[in-house]
């Protein structure tokens with residue numbers, strides 16, 4: 001069945017038209033009242049007969065299975081139906097009709113061009129209106145012809161009643177003469193109202209255009225928001241992904257600050273090189289070389305940490321290149337000017353303090369040099385300038401006054417505490433001490449989580465530092481291993497006791513746990 005656009009009456013709407021030219025009344029009520037098909041049908045059934053004659057509807061069976069039916073009516077009756085239906089669309093249509101009537105009474109000449117355009121328009125609504133009007137005129141002519149035959153018969157019967165009607169007409173004439181002034185006043189008021197409406201018409205048109213533009217803008221904004229939604233989601237996920245990278249970037253920036261401090265110290269040494277005597281520059285050259293080796297060692301340590309990072313920090317590489325280039329330039333300039341060897345007697349080093357107080361006994365030999373380097377960098381941030389260089393084995397290292405010994409001891413302890421005796425300790429490193437059945441994954445996970453929480457509470461209570469996370473696992477210092485095992489076993493006993501105290505659908509698992517863990 002064809003569907004025609006009812007944009008003229010209701011914007012953005014189409015209604016089915018059947019082969020006999022009748023319009024689907026239910027679909028028309030749906031688009032006008034903005035309701036579902038069931039509610040629209042119920043609305044048509046509940047129409048007041050005083051407002052719309054239900055006999056104008058014709059019931060039509062729809063094609064297909066079942067007894068689905070619909071109501072149809074002629075185009076002229078469809079316009080009348082729109083006038084009595086509720087809804088915003090019907091309200092706007094009635095406002096349009098009121099505007100046309102007002103323009104008609106006002107004698108608006110623009111109606112001529114609209115009427116001429118509609119007379120030749122191929123719009124389905126205009127075509128149906130012309131056909132309906134023509135059919136209505138033909139029907140009226142045929143009715144007049146049928147009525148002409150009956151008129152003669154009615155004349156004879158009406159003659160007797162004519163006298164009565166004449167009498168009533170005379171009475172009505174007198175009433176009309178009395179009402180004539182009131183009618184004239186009403187006509188004047190109608191004429192004034194028409195003029196006011198005509199003057200307000202441009203404003204109404206501007207408001208309509210503004211409403212249309214506002215609707216288009218709203219549609220465009222909605223489209224932009226919908227298009228931007230995936231971008232916002234991607235940005236959110238990208239920010240979440242970038243959080244670990246930002247943490248790693250902060251760590252790298254800390255190393256860059258260390259390198260920048262070393263670079264500043266090299267600049268200070270450069271100024272001192274120009275003030276030293278030419279006779280002592282040979283020994284000072286060894287000092288500069290040792291400083292360059294120290295900065296190279298710092299750079300290698302930073303590179304080792306950055307190797308595992310996904311962030312390729314260009315600023316760090318630039319700073320490293322500047323430090324190395326400046327060190328090479330200083331060495332080249334100092335070849336012909338040996339520098340003075342500062343006095344080394346009475347100076348202490350990081351290694352000598354560690355050996356004196358036996359701070360590295362629990363650390364394996366291969367990790368001792370790494371911890372000493374880390375402690376040295378920590379001391380350099382607190383004491384920017386050393387008192388001189390001390391030959392320690394094959395290398396020259398920074399020497400400090402005996403009064404700086406507490407700072408060196410604190411830096412060594414901090415490095416040992418941060419690294420642990422064998423690196424950071426995780427709960428998975430002691431998981432083999434948990435003797436729960438491996439199939440009881442939820443129980444093992446509950447015991448592990450409880451042990452980590454209790455361990456953190458223990459460290460806070462004893463004012464001991466808590467290390468950071470490695471992946472998804474909380475880490476602790478390795479010297480806390482025995483305490484962590486003790487807590488893990490205690491939490492395992494609590495979990496088994498809870499299994500005995502409350503019923504479970506898995507009795508076989510509980511019995512297995514009891515026999516396995518007396």
>> At 7 Å along Cα-to-Cβ for each site, give me the label-to-label distance between residue 253 and residue 483 in nm.
In response: 3.3 nm
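In what sequence do 473, 500 fall when counting other Cβ within 10 Å, fewest first?
On the way: 473 14, 500 10.
Neighbour counts put them in this order, fewest first: 500, 473.
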> Between residue 283 and residue 381, what length in nm is gained on full extension when 0.36 nm per residue of separation is reduced by their alpha carbon distance?
Replying inline: 32.7 nm
>> Can you compute the modelled spin-label distance between residue 243 and residue 104, with each label point 7 Å from Cα toward Cβ, in nm?
In response: 7.0 nm
>> Quick check: from the Cα gyration tensor, does the range 1-139 come out rounded (a/c under 1.5), prolate or oblate?
In response: prolate
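Rank the residues 288, 466, 266 as a footprinting-exposure proxy: fewest other Cβ atoms within 10 Å of their Cβ go first. Don't skip to the end; give the middle numbers.
Numbers: 288 23, 466 12, 266 18.
Fewest to most other Cβ atoms nearby, the residues stand as 466, 266, 288.
At 0.36 nm per residue, and after removing the present C-alpha to C-alpha distance, how many nm does the segment from residue 438 to residue 112 gain when stretched out fully? Don't skip to the answer; put the middle values down first.
Details: separation 326, 0.36 × 326 = 117.36 nm, distance 9.23 nm.
That pair, residue 438 and residue 112, stretches by 108.1 nm at full extension.
Please compute the length gained on full extension between residue 195 and residue 96, using 0.36 nm multiplied by the number of residues separating them and subtracting their Cα-Cα distance. Display every interim value, and only then the final one.
Numbers: separation 99, 0.36 × 99 = 35.64 nm, distance 1.71 nm.
Using 0.36 nm per residue and subtracting the Cα-Cα distance, I get 33.9 nm.
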>> I need 189, 280, 108, 24 ordered by Cβ neighbour count within 10 Å, fewest first.
In response: 189, 280, 108, 24
>> Rounded to whole Å, give me the distance from the Cα center of the range 32-79 to that of the range 177-229.
In response: 31 Å
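Every number here is computed from the coordinates shown, using simple stated rules; none is lab data. Note that the structure is a prediction, hence the values are computed from the model and not measured. Neighbour counts are summed over all protein chains in view; Cβ atoms, including those assigned to glycine, are modelled from backbone coordinates with ideal geometry.
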